[in-house]
Amino acid sequence: MSLRLVQFFDEAGTRRVGVPSEDGRHLTVLNGTQSVYSLVLDALAANTPLATFVRSRLSDRSVDYDAVIADRRLLPPIDHPDETRCHVTGTGLTHLGSADTRDKMHKSTVEADEAALTDSMKMFRWGLEGGRPAPGAVGVQPEWFYKGNGRFIVPPGAPLVSPAFAEDAGEEPELAGLYVIAPDGTPVRVGFALANEFSDHVTERKNYLFLAHSKLRQSSFGPEVLIGTPPADIRGVSRIRRDGAVLWEKPFVTGEANMSHSFANLEHHHFKYAEHRVPGDVHVHYFGTATLSFADGVRTQEGDIFEIEAEGFGRPLRNPLAIAREPAGLVTVREA
């Protein structure tokens, strides 16, 4: 049976960690646990597998899951006490079909001649050829991008706020890998969560070199983290609701059976940098998608609700869209 964890506030405002019941209606509270981060560190110190450690802390107390959601008491399924020590990153062009989606955005024609291929298609081909190396071997490195630190993370149910200067506010339904760096510097995978890797696709479409700007946005993941390795073939649905009705809906697939890169290869190329293996840090890493409403001509607007769900990951991830109100003019710098 799969094991999932949820972080939330109880009615008194105290942080808690819970395990969803089989019917998904209740959360069994863990004894002596106020964060998944501390839970992982305690399990490492005890040299005990996380799933085993979680079961040893199950209490006889439970809370109503629907009430937690309705009261906006959900937290991201992992965070760090110091937001600057949570690193949010991602990889793109990792899924079968993702290059086609990207090429549509970039309005390019793919030819057999290598010289005529877009950079996106070239990188996608490299992934097909070398993104799934044999165990113990190093494969080709993927596209990589930085999204921000823990301050950029939005809890499930909370608004994803698009900057006033943004030209688009689009969803990206995918998986996020959640990691804690052990005291000896080893990356430890806590598990996987559904995620909305929120991006600005109009900015990216202008020029591929604007990708870095387009990714510096808030994002959300959860509400549950699936402990351990997920199924190879994951099938979900991404939708946008507007004024109470479904504006757009499309199935998406993820998991290694639908990817050009293996998780191990993507993880290697992220954690090969010593700066990404600082003991005690948290990493949230997005693994990419091939399904975007933007590619179907959808333009989101304030008040739209993004909804992402997939079998095996518990409750859907929902976030409304908000637009920041700060002026979009020139930012000036003063002398010290």
Tabulated pairs, segment 235-258, first within 15 Å of F287 (Cβ to Cβ), second loosely packed, with under 15 Cβ neighbours inside 10 Å, C-beta under 6 angstrom, 6+ apart or interchain
V253/R235; G255/A232; G255/D233; E256/A232; A257/A232; A257/D233
Filter segment 178-225 down to the residues that are of a type in the set (A, V, I, L, M, F, W, C) and more than 22 Å from L75 (Cα to Cα), then identify the one that is modelled with the lowest pLDDT.
L209
Identify, by number, the condition in (1) at pLDDT 95 or above; (2) over 23 Å from the mean Cα position of the chain (by Cα); (3) assigned to a loop (DSSP other than H, G, I, E, B) that R61 doesn't meet.
(3)
I'd like the full set of residues that are surrounded by fewer than 19 Cβ atoms within 10 Å (Cβ to Cβ), among the basic types (K, R) and assigned to a strand (DSSP E or B), limited to segment 14-28.
R15
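The values are calculated or read from the model by the stated rules, or taken from the named source; none is laboratory data. Please read these numbers as outputs of a predicted model, since none were measured by experiment. Neighbour counts are summed over all protein chains in view; Cβ atoms, including those assigned to glycine, are modelled from backbone coordinates with ideal geometry.
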